[in-house]
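Read the structure below first, then the notes.
Taken together, the values in this text are just the output of simple stated rules run on the coordinates, not laboratory data. If you're wondering where the values come from, they're calculated on a predicted model, not measured in any experiment. Methodologically, a virtual Cβ is constructed for each residue, glycine included, from the backbone with ideal geometry; neighbour enumeration extends over all protein chains shown.
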Amino acid sequence: MAYHSRFRRPVVIPSAFQYERATSLEDALSKLKASAGAGKLIAGGHSLVPLMKLRLSEPTVLIDIARIPGLTEIGDLDGVIEIGALATHHDVATSPLVRDKCPALAEAAGLIGDPQVRNRGTLGGSLAHADPAADYPAMMLALEADIHLAGQNGTRFVPAADFFQGVLTVDLAPDEVLVKVTFTPKRMAAYAKLHQRASRFALVGVAAV
């Protein structure tokens, strides 16, 4: 690892990778299969890229899913709230539906990072990353949300309590794509955190319903 002679801080860059852009969910699944486990999905990049810079994640193929249509939608289907995986934190924080039906989730999304992070980072990326300092996992657990996944053999959903399996570990196969989350509206909920001042990562985050 190289160090800058003046600042004596590690200078790190990702290892070499091939970049591909998926045009549809089916295309993303096909590219994942072709990568034979060496590919990673990227949308906002705020979770994956820092790990790549530290060489904690070294995919040889990056599959950009940011422009896949239909995965940014936020809606109400027969009383169940659906949020697409590519909805940004800003989308969640400012959605009239989320603010009305589950204001605590909107508040949690609005506490993430800074405006740049909120406008680029995505709900799905944060959930798939499962950083214990993230804000969404506690909310998904409290809301008893279902995480919906798509793969070559179809779709499945996993309760949040089973999806999160440990630090940076989730029930998501290498050839699956997280497509959306669903939960029943809960207006009487709250989220609070004690955060690190510079990064706004939660030192302690608590969600209650």
How large is the charge dipole for the stretch 2-208, taken about the Cα centre, if only the Cβ atoms of Lys, Arg (+1) and Asp, Glu (-1) carry charge, to the nearest 20 debye? 1080
Over the stretch 21-64, equivalent-ellipsoid semi-axes from the Cα gyration tensor in Å: 20, 12, 5
Ranked by how many other beta carbons lie within 10 Å on average, peptides 101-107, 164-170 from highest: 101-107, 164-170
The residues 201, 163, sorted from fewest to most surrounding Cβ atoms within 10 Å, come out as 201, 163
Among the listed pairs 40/101; 33/180; 31/180; 31/53, which are separated by more than 27 Å between their Cα atoms? 40/101
The chain: Cα Rg divided by the 2.2 N^0.38 Å rule of thumb: 1.03
Note, the stretch 88-96: 3J(HN,Hα) by Karplus (6.51, -1.76, 1.60, θ = phi - 60°), whole Hz, Gly/Pro = x, goes 6, 4, 5, 4, 5, 5, 9, 5, x
Which of 188, 52 has the fewest other C-beta atoms within 10 Å, and how do the rest follow up to the most? 188, 52
For a quick check: sort 176, 26 by the number of other beta carbons within 10 angstrom, fewest at the front. 26, 176
